[in-house]
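What follows is calculated from the coordinates using simple rules that are stated; it is not laboratory data. Worth saying up front: this structure is predicted, and the values here are computed from it rather than measured. Cβ coordinates were reconstructed from backbone atoms using ideal geometry, including for glycine residues, and neighbour counts include every protein chain displayed.
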Amino acid sequence: MTHLPRRCLAFALFLAVAVAGSAYYWVPLRYTVGAKSLGYARTVMLSNALEWWSGMAGRTLTHYREGFQVARIDSATGRLLTVHDLILDQQKAASVLRDVQAGQYLVLSIHNPSLDDELAPLEAALRQQFGWNGSVKEANLGSAMIVLARDAGEVRPRLIAVKTSPTLYLEERVLKLRVVLRDY
Amino acid sequence: MLYLVATILVAMAAANVTVLWPGLPGRLERVLLWIAMVPGLITLVALLLGFAGLLTPTAMLLAHGAIAIASGVVAWRRGNLALRLPSPKQEAGRALRSPWLWPLLLGGAAVIAWQVYVGLRIPPFGWDALSYHLPPAVWWLQAERIYSVPTQFTFGYAYPQGWSLLLLWQLAFTATDHLVNVTALPFVLFGTLAAYGLAREMGIGKRWAPWAGAFWALTPLVLEQLTVPYNDVAVGALTLGVFYFILRFWRSGGRSTGPLWVVGLLVGLILGTKPNGFLVLAFACVLMLFPRVQNWRSYISAVVGRGLCAGIPALALAGFWYIRNLVLYHNPLFPAKVSLLGHVIFPGPRTIKNLINMTPTQTKLQNLGLSLNEHLLRYTFDSPTGGLGPVFTCLGGAALVAMVVHAVTTRRWRLLAVTLAGGAIFLLQPFWYLRYSLFLPALAGVAFAYVLQRLARRRWRPWLQAAAVALLLYPLALVPFQPQTSAETLWQVDTAIAEGRRLSSAEFGLARDYAFVDSMPNLDHPANRIAYTEGRFVYPLFGRNRDRVVYYVPATTYDGWVSALLKERTTFLIIGADDAIEAAWAKSNPDRFVPWGRSWPYAVYLIRSDEPRNQELLRQGARP
């Protein structure tokens, strides 16, 4: 083999693997859910970065932290109103699940809480208030999302869904949230 | 100020030792040795003073001052006092005349400056740092000696603790502990230069070699770790240094032992930091102990000679941790069990696999697939998968494949040996976590430079470089918005400081443990002696000035445990889990354990004893 064909072969290989790698990275094949894809999640990230510059508005679920976060979302516009961290004990778990404003979704997001003890009061509160007998234990090394809503005129909030995932990835949580809200 | 003086002294001592180091003709290799010599000297001096029970800031200052003066006098008498630095214009002038590297230089400098600023603003955090990297540094400084601290989290404290010695340096001379967050910064510089040097040694011209440094320094994971006291960046950078100095050794025709001593220094720093350095050691041995066989006698003497050159500094810097484990647990690699062909050589309670498995539901291939597909939302400093950025998946991997294929067909064995050694170090790890193989982006950068120099036609080069710039800048622009060390975090912490209130759990990742200590009445007092159990993070318990005495008392029997607590003159007992046996004992014995406060998952008890501090608190009755 002369020098030129070797070079051409290697460069062709480079181009082929680069195209395949780029497609693998950028084309959202596996996580496409309806019209929502990973591209959507990236867009959320970018737009929130811009929002931060305009005055810390619109904090998002994309801020990964270990433990629990509570997000409030306007059910009419889908706009994220607040997100804050939470340490759950029995009293707080019960009060958080009750504290859903009319016209809002309340999303309790759990990421790798590390300690089972933090999940127990949450499960107890879910059982007590909504009769939900499932387990979010799976979330101990992964993530979970609990969505509540209350329409105007309703006295008590309703449990829309509890989604759990054994993986660590927040992106899936964001997607699940979109799926849950769309289904709702 | 004292920290600056001490660090300048070490840098001077390291420069003098570097000048005196034999067999290193190149300027770049001397600069690399200089940078590596700083942590090398800090580690060595801390170990020696720690054994002698003299581990105080003053003793460290004096020791490094003495080394600086002694080495300076020797260098002066030899008329060789100045360390000559390589000229950036000469090395990278041609690359900088093209427009492609400037945006990366400016963007990289801005993001690194931002990350360092964030690191200096927020208290230390990160699971590994708070649980087992930082506490030994405080214990050793308090005791003025290095010892094996009896702790509950035995596994963490049985790891090599060379990294804790570097953190100790950051803590010893100042009241603040924020400096520990930027410990990785010199290693970013070292890795960048080593990647550049490696590219040059692998046959890449000066015009293209800076791409190797750019791929390394602008890796999102490298930048993310600039705000936490984690050691992955250091291990990756030092591994690049090992490859570079092995190639320098080869360049000398295998005659100069100067680079081998440096390889030993670097391997020692890696092994003193992380046990997976044994893989680097194994491949370094294969590459450097490979003299040409002329006759067996000279072969054996060459192998022994080279082994000693590299082995002596490695043993001096890392040997202590493994000998300690051998003495304490009869297993140098405790807690990992060591087996060979089914026979257990060193027994241990865990295997390497179950010790570091962070993704139990995924296979190795799935890990790799997710890592190469990881998107910006997932970048965190301790992510088990990913963090190398889109440039690695889209261009770096392809360049590596093309370079290896072309190197095989054109018989570039030197280049091939290093690339395959790097690949093998990655592939032989029990899990393919890219965080533990941070040298890979640099090898990808070398490969990309190789593609530009040898494979791409002239008209392709601008397009490839433009694509690389875009893919490197894209994640760079988002690094300040990444989780845990985001701009929002900084804003929250600064707001708390400006308002004069204490940190709350919402301020930054893992801040709940600082918040708990800060908010518990009477806990923040230097006279307190605190026993803990089941706490995830020990470091915050030391308090703001790191002056509280914190220790673990093993629970054997109730009576034995209580008498040990009393013998230690314990003021407070902190229990971090409700289901601990100590929690049941404390609850059922209120005559001995006075409930003092609760901040889930922690419960705090005041010990009822005759100690003046305990009596004073009991009299105050200042229970929350």
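Entry note, chain B: the mean residue ellipticity at 222 nm calculated from DSSP H runs of n ≥ 4, each adding -39500 (n - 2.57), is -18000 deg cm²/dmol after division by the residues and rounding to the nearest 500. Neighbours of B:SER87, meaning other residues whose beta-carbon lies under 13 angstrom from its beta-carbon, give a summed charge of +4 when Lys and Arg score +1 and Asp and Glu score -1. Here, P(r) means the percent of Cα pairs in each 10 Å bin from 0 to the largest distance; for the range B:1-85 it is 18, 48, 27, 6.
Peptide B:382-394 has a mean shielding of 3, counted as Cβ atoms of other protein chains within 10 Å of each residue's Cβ. Candidates B:LEU171, B:ALA66, B:TYR159 compared by Cα position along the dipole of the range B:43-200: farthest toward the positive end lies B:ALA66, with charges placed on Cβ. Let me know the shape class of the range B:49-102, please: from the alpha-carbon gyration tensor, a ≥ b ≥ c as square roots of the eigenvalues, rounded when a/c is under 1.5, otherwise prolate if a/b is greater than b/c, or oblate. Oblate.
Tell me the angle of helix B:27-52 to the major Cα principal axis of chain B, expressed in degrees between 0 and 90 and rounded to the nearest ten. For B:27-52 against chain B, the angle is about 30 degrees. Semi-axes of the equivalent ellipsoid of the range B:555-611 are 17, 13, 9 Å, computed as sqrt(5λ) over the eigenvalues of the C-alpha gyration tensor in descending order.
For chain B, the normalised intensity computed at q = 0.06, 0.07, 0.09 Å⁻¹ comes to -0.35, -0.47, -0.77 (log10 of I(q)/I(0), Debye sum over alpha carbons, equal scatterers, no solvent).
Could you give the longest part of chain B that holds none of the trypsin sites (Lys or Arg not before Pro) found in DSSP loops with at most 12 neighbouring Cβ atoms within 10 Å? It would help to have the intermediate numbers written out before the result.
On the way: sites that count: B:ARG78, B:ARG84, B:ARG255, B:ARG292, B:ARG411, B:ARG457, B:ARG458, B:ARG459, B:ARG501.
Within chain B, the longest run free of exposed trypsin sites (Lys or Arg not before Pro) spans B:85-254.
Protection proxy ranking for B:173-184, B:55-66, using the average of other Cβ atoms within 10 Å per residue and placing the highest first: B:173-184, B:55-66. Mean per-residue shielding of peptide B:396-405 is 5, counting Cβ atoms of other chains within 10 Å of each Cβ. Take each residue in B:131-139, count the other chain C-beta atoms within 10 Å of its C-beta, and the mean is 0.
The H on the amide N of B:THR351, modeled in the peptide plane, is under 5 Å from the matching H of B:LYS337, each at least 5 residues off or on a different chain. Extension gain, B:ALA109-B:TYR3: 0.36 nm per intervening residue step, less the Cα-Cα distance, totals 35.7 nm. Think of each Lys and Arg Cβ as +1 and each Asp and Glu Cβ as -1; about the Cα centre, that makes the dipole of chain B roughly 2880 debye.
How large is the translational diffusion coefficient of the range B:396-465 in µm² per second when you combine the Kirkwood radius over alpha carbon pairs with Stokes-Einstein at 20 °C and 1.002 mPa s? Let's see the in-between values first.
Values: Rh = 12.8 Å.
Once the numbers are plugged in, D ends up at 168 µm²/s.
Relative to the longest principal axis of the Cα atoms of chain B, the long axis of helix B:258-271 lies at roughly 30 degrees.
Of the cross-linked pairs A:LYS163/B:LYS587; B:LYS206/B:LYS274; B:LYS274/B:LYS567; B:LYS274/B:LYS364; A:LYS92/B:LYS587; A:LYS92/A:LYS163, which ones have a Cα-Cα span greater than 26 Å in the structure shown? Kindly include the intermediate steps, with their values, before the conclusion.
On the way: A:LYS163/B:LYS587 37 Å; B:LYS206/B:LYS274 33 Å; B:LYS274/B:LYS567 36 Å; B:LYS274/B:LYS364 21 Å; A:LYS92/B:LYS587 23 Å; A:LYS92/A:LYS163 21 Å.
Correct reply: A:LYS163/B:LYS587; B:LYS206/B:LYS274; B:LYS274/B:LYS567.
Under the rule a/c < 1.5 gives rounded, and otherwise a/b versus b/c splits prolate from oblate, where does the range B:305-455 land using the Cα gyration tensor? Here the range B:305-455 falls in the oblate category.
The GluC sites (Glu not before Pro) found in the range B:123-224 that occupy coil by DSSP, while having at most 15 further C-beta atoms within 10 Å, are B:GLU144. Rounded, prolate or oblate, given the Cα gyration tensor of the range B:208-367, with a/c below 1.5 counting as rounded? Oblate. Counting only Cβ charges, +1 for Lys and Arg and -1 for Asp and Glu, the dipole size of the range B:519-596 around its Cα centre is about 320 debye. Phi angles across the range B:329-339 convert, under the Karplus curve 6.51 cos²θ - 1.76 cosθ + 1.60 with θ = phi - 60°, into 3J(HN,Hα) values of 10, 6, 7, x, 9, 3, x, 7, 6, 10, 10 Hz, Gly and Pro given as x.
Relative to the longest principal axis of the Cα atoms of chain B, helix B:162-172 runs at roughly 60 degrees.
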